[in-house]
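What follows is calculated from the coordinates using simple rules that are stated; it is not laboratory data. Small disclaimer: the values here were computed from a predicted structure and weren't measured. A quick note on method: Cβ atoms are made from the backbone with ideal geometry, for glycine too, and the neighbour counts reach across all protein chains shown.
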Ligand SMILES: Cc1ncc(COP(=O)(O)O)c(C=O)c1O
């Protein structure tokens, strides 16, 4: 009898964590690596938050708590939703988990039945499709085209909805593109959802505070109050307060779902760390003005990276509205040859080339469901970013057109990458509008 369960076959390791592990391993070998792979702020957790945690330890808040969050934290979360999003929740509508990741996982596992469809706009955060598949649901991928700022349109959303649709997962600002929906763009989507009352909305707002150039963030339940009853609004302290290691995420939504999520958590991890919960109370209730400085720094870094990448041969990089990522096209490098003679056939080849030749770690677009792109996290020092972009420029400048004699007669060197979700997982992509990414029916491609 096989040791491992069949259900494990439905999921794969997180590609972003895999890049981080590879970069760490190369560093350990003494290589000079700049890691732009992981979505983690480089700022330290603010001192007032750390002080809150120390005070909690000293006050003996070191024991089990209520499974899905202390009353103090749930109160702070309700206050946050009221203050920042104009949403009214009571503690019974709030769930706290070990990061937004566990909250999303709990929500999907608690609500998705085999065969239920979950609409996921691509490019998507790497974990959404795997979580859906682990819950025996079917991810339905809708491609946000670069020409539309990597966002999906109302028409695309309507087309993807079927009687089997359970959820649509919206993530604005987005990981991996940094794209954020304006109020008008989000309203167009919520209008579609109003007309489809069987569809629930999961809004992952974890990058809510990281928007630039005066962008106005609004969450779907705020934009369309009639969706309140069927929306789960997910957030957390990882990105806004630079608290990735503390593992606190939360959500607010329908009481039945929140209760089911607590049941699941009670039989898996129990409560999130008591000290981290106390720290999260301090963060949410504390002064938020430090964020202005962080936003200013992030926006400067974004502009720097976009400017430098657009100077690299074969790279085009749009300027995103938020988060701390850029999603650059490497279409101009595809089909070219490296100095060692290897042909870059996919965006995965491209990022492998960057890592091996210049020691720059980033994640290929295939991991996020749209090729040929690569994601750079600019949550690192300006110096490291300048250095990394210079290295990328250098790596791109030495790529050459494939030599004619190696080409079969009449061949056209346009490679249509099908890496990532579609190639690895047949039957996974439903809808695509972007030219270089092929749409696959079950088993095709
Ligand atoms: C879009 C998105 N949602 C959720 C998460 C989960 O974050 P955490 O589990 O640290 O709260 C991440 C982390 O990278 C993310 O990028």
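Considering only DSSP beta bridges whose two residues both sit in the chain, what percent are antiparallel, to the nearest 5?
If I count the DSSP bridges inside the chain, around 50 percent turn out antiparallel.
What distance in nm lies between label points placed 7 Å from Cα along the C-beta direction at residue 12 and residue 316?
2.7 nm
Round to a whole angstrom and tell me the spacing of the C-alpha centers of the stretch 370-388 and the stretch 49-72.
36 Å
Between residue 290 and residue 136, what is 0.36 nm times their sequence separation minus the Cα-Cα distance? Round to one decimal in nm.
51.3 nm
Could you put 81, 134, 324, 350 in order, starting from the residue whose Cβ has the fewest other Cβ atoms within 10 Å?
In order of increasing Cβ crowding within 10 Å: 134, 81, 324, 350.
Which length gain, in nm to one decimal place, applies between residue 3 and residue 182 when the Cα-Cα distance is subtracted from 0.36 nm times their residue separation?
59.6 nm
Based on C-alpha coordinates, I'd like the Rg and Dmax of the stretch 6-132, in Å.
19.2, 53
With the cut-off at 1.5 for a/c, could you classify the stretch 78-214 from its C-alpha gyration tensor as rounded, prolate or oblate?
rounded
Using alpha carbons only, how many degrees (0 to 90, rounded to 10) separate the axis of helix 15-28 from the longest principal axis of the chain?
Value to nearest ten degrees: 70.
Normalising by the residue count of the stretch 1-145, find the relative contact order in percent from Cα pairs under 8 Å and 6+ residues apart.
21 percent
Normalised by the residues of the chain, what does the relative contact order come to in percent, with Cα pairs under 8 Å and at least six apart?
Once normalised by length, the contact order is 20 percent.
What's the Kirkwood radius of the chain in Å, using all Cα pairs?
Mean inverse Cα-Cα distance, inverted, gives 22.6 Å.
Please give the helix 71-85 orientation as an angle from the longest Cα principal axis of the chain, in degrees from 0 to 90, rounded to the nearest 10.
Taking the Cα atoms of the chain, the angle to 71-85 is about 60 degrees.
What is the spin-label model distance, in nm, from residue 401 to residue 337 if the labels are put 7 Å beyond Cα along the C-beta direction?
About 1.2 nm, to one decimal.
Sticking with the crude label model, points 7 Å out along Cα→Cβ, report the distance from residue 270 to residue 21 in nm, one decimal please.
2.8 nm
Ranked by Cβ crowding within 10 angstrom, fewest neighbours first, how are 130, 213, 303, 35 ordered?
So the residues, fewest neighbours to most, are 213, 303, 130, 35.
Give the relative contact order (percent, whole number) for the stretch 70-120; include only Cα pairs under 8 Å separated by 6+ residues.
Result for the stretch 70-120 is 25 percent.
For the chain, with a Gaussian network of springs between Cα atoms less than 10 Å apart, report the residue from 352, 297, 70 with the top mean-square fluctuation.
In this elastic network of the chain, the residue with the biggest mean-square fluctuation among 352, 297, 70 is 297.
Along its principal axes, what span do the Cα atoms of the stretch 253-343 show, with the longest given first and each in whole Å?
Between the extreme Cα coordinates on each principal axis of the stretch 253-343 lie 55, 35, 27 Å.
Rounded if a/c is under 1.5, else prolate if a/b is larger than b/c, else oblate: which is the stretch 127-201, with a ≥ b ≥ c the root eigenvalues of its Cα gyration tensor?
Oblate, because a/c is 1.5 or more while a/b does not exceed b/c.
What 222 nm value per residue comes from the helices of the chain, counting each DSSP H run with n ≥ 4 as -39,500 (n - 2.57) and dividing by all residues, nearest 500 deg cm²/dmol?
Taken over the chain, the calculation gives -11000 deg cm²/dmol.
By how many degrees, 0 to 90 and rounded to 10, does the Cα axis of helix 47-58 deviate from the longest principal axis of the chain?
In the chain, helix 47-58 runs at an angle near 50 degrees to the longest axis.
Express in whole angstrom the spacing between the alpha-carbon centres of the stretch 172-212 and the stretch 278-320.
19 Å
Is the shape of the stretch 165-277 best called rounded, prolate or oblate, per the rule: a/c under 1.5 gives rounded, else a/b larger than b/c gives prolate, else oblate, with a ≥ b ≥ c the square roots of the Cα gyration tensor eigenvalues?
Oblate, since a/c reaches 1.5 and b/c is not below a/b.
Full extension from residue 43 to residue 255: what is 0.36 nm times the residue separation minus their Cα-Cα distance, to one decimal in nm?
Extra length available between residue 43 and residue 255 comes to 72.8 nm.
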